[in-house]
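Q: Below are the structure tokens for one structure; questions will follow.
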Amino acid sequence: MTELTELVEHGQLFIGGEFTDPLGTEVIEVISPHTEQVIGRVPHASEGDVDRAVAAARRAFDEGPWPRMGLDERIAVITRIKDAFAVRHEEFARLISAQNGTPYSSSVMVQALAAMMVWDSAITVARDFPYEERRDGVLGPLLVRREPVGVVAAVVPWNVPQFTAAAKLAPALLAGCTAVLKVSPETPLDAYVLAEIAEEAGLPPGVLSILPADREVSEYLVGHRDVDKVSFTGSVAAGRRVMEVASRNLTRVTLELGGKSAAIILPDADLEAAVAGIVPFAWMINGQACVAQTRILAPNSRYDEMAEAFAAAAGALRVGDPLDPTTELGPLVARRQQQRSLDYIKLGQEEGAKILTGGNRPAAQERGWYVEPTLFGSVDNSMRIAREEIFGPVICLIPYEDEAEAVRIADDSPYGLSGSVWTADTERGIDVARRVRTGTYSVNTFSLDMLGPFGGYKNSGLGREFGPEGYGEFFEHKMIHLPAGYREA
């Protein structure tokens, strides 16, 4: 398997459930991070196209059948979308790898099948969700209803485009909302496959629009007066701006932002198991993952041993063409991301950290936005490389003295998204998990379960995705007071 052999071109936008000509003439060129050549072209949605998409979503919500359908009817449509993902998962994986550099060897699961699992899990949650319940109030019986929030603006990044789209669209659509999905200009090609699937699944007119566009158009969408809810995944800086713009209309927001997650290795841990479990999730998506375990905390008593083991494992990662099935680490999505990682590597050295492996562009890659898998040792948690989200294949190994200090270091971060602990004593690991202030945590593993709540503390975001907690983000709560003594017939 090699780079895409033909230019992928689309001349229309998916607005209100059908492919239609854009209002403007601006075009997005998709650049391969491996060859630095153009591999695709799509229209760049304009503010006028946003107006068309939001108007279609508004009509579909206010007047159309989708919010008024029975849950089983909506589940039937979403099930068809989920099933189509299963059929076309390899196409999704290949397209996404070609655009953002994710190794195909992991892209099949991380980029494609994981997205399918999100659609499937949302169906499971929707079936058991309490849409209406009776309560005994202080002054009489109450009826508490959960009703769809309305028109949803879903803004997703380039690192896991279909996974994050599913995290927003699946619950929103199942709840009875309508949606406008704004996709990143780095990864618009896979969105056209999603549009084809949605069209074939039988979504009613207006329920879904998909717009590739830049940050300025995203801001226009987020600030649109006819949008009821914004669900955003991206950087902390962008999240702050989304919140600021949405606040002008008091639009509800869910923000899934950055991370600087810590993997704590306790002194009694099986080092071989810890290395095997941490390395794939430290350098996942070439380090371009908000949940990546980018700080590895090693006890002083075993620090040298662990430094040697992690450096060997990172240095052995096979770097190359993301569409080569043997590749384990591909290029970064854009030249700016490559330069960002190289700048942080230089900064880490200036701060006094020691490069244990990597630290350069790979000599074997004459072109492409590559950076070697890099591990810094002798890192102090106060260093910028330990505090700031690099979003590249640059990982910090941080020593600690005892368990209390490990927890303190893990918590000493502006972020609180993910984390893990590795130990021979699972109960001890659970105790550590309870003490670390972060939204998701794993003991002797790393996972992201779509039936539980996902989200962050502190600067890692607001609200939750997945599970009933994430599903509930797409509802308004209504309280209906009933007369004293009322009993349902």
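Q: With unit charges on the beta carbons (Lys and Arg positive, Asp and Glu negative) and the dipole taken about the Cα centre of the chain, which residue among Ile78, Gly452, Gly472 sits farthest to the positive side?
A: Of the listed residues, the answer is Gly472.
Q: Over the stretch 262-449, what is the mean sequence separation of C-alpha contacts under 8 Å (at least six apart), divided by residue count, expressed as relative contact order in percent?
A: Numbers: 361 pairs, mean separation 51.9, N = 188.
Reported as a whole number, the value is 28 percent.
Q: Taking neighbour counts of Cβ atoms within 10 Å as a proxy for exposure, in what order, fewest first, do Arg252, Arg408, Arg127 appear? List each step's numbers first, then the result.
A: Numbers: Arg252 19, Arg408 14, Arg127 11.
Lowest to highest Cβ neighbour count: Arg127, Arg408, Arg252.
Q: Another question, then. Take every DSSP beta bridge with both residues inside the chain and express the antiparallel ones as a percent of the total, to the nearest 5. Before the final figure, lay out each step's value.
A: On the way: 29 of 68 bridges.
Looking only at bridges with both residues in the chain, the antiparallel portion is about 45 percent.
Q: At 0.36 nm per residue, and after removing the present C-alpha to C-alpha distance, how many nm does the segment from Leu462 to Asp21 gain when stretched out fully? Mind showing how you got there, number by number?
A: Details: separation 441, 0.36 × 441 = 158.76 nm, distance 3.60 nm.
Computed gain between Leu462 and Asp21 is 155.2 nm.
Q: Along the Cα→Cβ direction, 7 angstrom out, place labels at Asp62 and Leu139. What is the inter-label distance in nm?
A: 3.2
Q: Here is a further query. Given the -39500 (n - 2.57) contribution per DSSP H run of 4+ residues, what per-residue ellipticity at 222 nm results for the chain, rounded to the nearest 500 deg cm²/dmol?
A: After summing the helix terms and dividing by residue count, I get -11500 deg cm²/dmol.
Q: Continuing with this model, one more query. Which number comes out as Rg/Rh for the stretch 262-449 once both Rg and the Kirkwood Rh are worked out on C-alpha atoms? Don't skip to the answer; put the middle values down first.
A: On the way: Rg = 15.6 Å, Rh = 16.4 Å.
Dividing the radius of gyration by the Kirkwood radius yields 0.95.
Q: With both partners inside the stretch 262-449, how many of the DSSP beta bridges are antiparallel, as a percent to the nearest 5?
A: So the antiparallel bridges amount to about 15 percent of the total.
Q: At a threshold of 8 angstrom on Cα-Cα distance, excluding pairs fewer than six apart, so keeping six or more, what relative contact order does the chain reach in percent? Don't jump to the answer; show the numbers that get you there.
A: Numbers: 1147 pairs, mean separation 91.7, N = 489.
So the answer I get is 19 percent.
Q: Taking neighbour counts of Cβ atoms within 10 Å as a proxy for exposure, in what order, fewest first, do Ser447, Ser378 appear? Could you put the intermediate results ahead of the total?
A: On the way: Ser447 10, Ser378 16.
The fewest-first ordering by Cβ neighbours comes to Ser447, Ser378.
Q: Still on this structure, please answer the following. Exposure proxy check: Thr233, Thr79 ranked by fewest other beta carbons within 10 Å?
A: Details: Thr233 25, Thr79 14.
The fewest-first ordering by Cβ neighbours comes to Thr79, Thr233.
Q: To continue, here is another question. Under unit Cβ charges (Lys, Arg +1; Asp, Glu -1), what dipole magnitude, rounded to 20 debye, does the stretch 254-323 have relative to its Cα centre? It would help to have the intermediate numbers written out before the result.
A: On the way: 4 positive and 8 negative charges, 53 e Å.
So the magnitude is around 260 debye.
Q: What number do you get for the chain when its Cα radius of gyration is normalised by 2.2 N^0.38 Å, N = residues? Present the calculation step by step, with values, prior to reporting the outcome.
A: Working: Rg = 23.2 Å, N = 489, 2.2 N^0.38 = 23.1 Å.
That ratio works out to 1.00.
Q: Could you give the dipole magnitude of the stretch 130-277 about its Cα centre, charging the beta-carbon of Lys and Arg +1 and that of Asp and Glu -1, in debye to the nearest 20? Walk me through the numbers before you get to the answer.
A: On the way: 14 positive and 19 negative charges, 148 e Å.
Using only the charged Cβ atoms, the result is roughly 720 debye.
Q: Under a plain spin-label model, where a point goes 7 Å from the Cα along Cα-to-Cβ, how far apart in nm are Thr35 and Asp411?
A: 5.2
Q: Using +1 at the Cβ of each Lys and Arg and -1 at the Cβ of each Asp and Glu in the chain, identify which of Leu266, Val144, Ala122 lies farthest towards the dipole's positive end.
A: Positive-most Cα among the choices belongs to Val144.
Q: How much length, in nm to one decimal, is gained on full extension between Asp128 and Ala364, taken as 0.36 nm per residue of separation minus their Cα-Cα distance?
A: On the way: separation 236, 0.36 × 236 = 84.96 nm, distance 5.29 nm.
That works out to 79.7 nm of additional length.
Q: Given points 7 Å out from each Cα along the Cα-Cβ axis, report the Glu272 to Thr79 separation in nanometres with one decimal.
A: Each label point is offset 7 Å from its Cα along the Cβ direction, giving 4.5 nm.
Q: Next up: If you place +1 on the Cβ of every Lys and Arg and -1 on the Cβ of every Asp and Glu, how big does the dipole about the Cα centre of the chain come out, in debye to the nearest 20?
A: 1140
Q: So what's the stretch 45-132 giving for Rg/Rh, alpha carbon basis, Kirkwood Rh from the mean inverse pair distance? Before the final figure, lay out the partial values.
A: Values: Rg = 16.7 Å, Rh = 15.4 Å.
Reported Rg/Rh, Kirkwood definition of Rh: 1.09.
Q: What is the extension gain from Ala484 to Arg434, computed as 0.36 nm multiplied by their sequence separation minus the C-alpha to C-alpha distance, in nm to one decimal? Provide the component values of the computation, followed by the final result.
A: Working: separation 50, 0.36 × 50 = 18.00 nm, distance 4.35 nm.
Extra length available between Ala484 and Arg434 comes to 13.7 nm.
Q: Based on the Cβ-Cβ distance of Ser235 and Asp425, what FRET efficiency does E = 1/(1 + (r/R0)^6) give at R0 = 30 Å, to the nearest 0.05?
A: After rounding, the FRET efficiency stands at 0.20.
Q: Setting aside same-chain residues fewer than 8 positions from Lys168, which lysines have a Cα under 24 Å from its Cα?
A: Hits, sequence-local ones excluded: Lys82, Lys182, Lys229, Lys260, Lys458, Lys478.
Q: Moving to a separate point now. With r defined as the distance between the Cβ atoms of Ser247 and Met109 and R0 fixed at 30 Å, what FRET efficiency is calculated, to the nearest 0.05?
A: The calculated FRET efficiency here is 0.20.
Taken together, the values in this text are just the output of simple stated rules run on the coordinates, not laboratory data. Since the model is a prediction, treat every value here as computed from it, not as a measurement. Heads up, the Cβs are rebuilt from the backbone with ideal geometry, glycines too, and the neighbour counts pull from every protein chain shown.
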